[in-house]
Amino acid sequence: ATNEGWGFLDKTGSPVIPPQYDEVGEFSQGLAAVKIDGFFGYIDDNGQTQIDFQFRQANAFSEDLAVIRINSDWTYIRRSDGAVVMDRTFESAGNFENGMARVSTGNQDNPNVGYIDRDGEYVWYPTK
């Protein structure tokens with residue numbers, strides 16, 4: 001990080017994407033979540049925007065899906081085009097692993113935890 005913000009270095013420590021971001025995530029599946037002016041988007045390893053800056057929070061891609069937050073709700077987007085892939089939203093949501101992701105509904109004080117598949121269908125309905 002510098003006074004200009006966060007950027008990326010290559011393995012030798014040479015700058016490859018200049019410091020310009022308020023926050024950065026790690027690269028996963030060729031894209032990294034980065035934040036400018038309060039919103040996250042995704043860039044490729046050349047620093048080119050691949051998914052527009054529109055999310056309040058954004059996680060790394062896993063199994064071609066990423067958890068993102070729009071306003072106060074969490075859901076998932078597709079790596080290929082950044083489109084939201086599920087009709088449902090969640091109080092919190094985790095990354096996909098082996099085709100499933102942990103999600104919670106309800107609120108922080110009274111969460112119900114369950115697991116969904118890549119289509120957003122429950123494989124374990126939320127319970128306390």
For the subset of region 52-69 comprising residues that are more than 11 Å from Val84 (Cβ to Cβ) and not in a loop (DSSP other than H, G, I, E, B), which member is least open to solvent (accessible area, probe 1.4 Å)?
Val67
Looking at Ser72 and the list (1) open to solvent by less than 50 Å² (accessible area, probe 1.4 Å); (2) of a type in the set (Ser, Thr, Tyr); (3) modelled with pLDDT under 95, which single condition is not satisfied?
(1)
Check on Asn112, surrounded by fewer than 14 Cβ atoms within 10 Å (Cβ to Cβ), free of Cβ contacts under 8 Å to residues at least 24 places away in the same chain and not hydroxyl-bearing (Ser, Thr, Tyr)
no
Report yes if Asp119 is assigned to a loop (DSSP other than H, G, I, E, B), over 29 Å from Ile36 (Cβ atoms) and without any contact (Cβ under 8 Å) to a residue 60 or more places away in the chain, otherwise no.
yes
Given the options Val16, Val34, Val67, Val24, name the one that is closer than 16 Å to Gly94 by Cβ and touching a residue at least 12 places away in the same chain (Cβ under 8 Å).
Val67
Number of positions in region 1-51 that are farther than 23 Å from Tyr76 by Cα, touching a Leu at 6+ places or on another chain (Cβ under 7 Å) and surrounded by 13 or more Cβ atoms within 10 Å (Cβ to Cβ)
1
Hey, could you check region 88-102 for residues that are touching a Gly at 6+ places or on another chain (Cβ under 7 Å) and under 22 Å from Gly41 (Cα atoms) and say which is most open to solvent (accessible area, probe 1.4 Å)?
Arg88
Which members of region 75-87 meet the condition of being open to solvent by 30 Å² or more (accessible area, probe 1.4 Å) and not in a loop (DSSP other than H, G, I, E, B)?
Arg78, Val84
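The values are calculated or read from the model by the stated rules, or taken from the named source; none is laboratory data. Bear in mind the structure is a predicted one, so any value in this text is a computation, not a measurement. Every residue, glycine as well, gets a Cβ built from its backbone with ideal geometry; the counts of neighbours run over all protein chains shown. We work out accessible area using only protein heavy atoms, side chains counted, and drop any ligands, DNA or RNA first. Shrake-Rupley method; radii C 1.70, N 1.55, O 1.52, S 1.80 Å.
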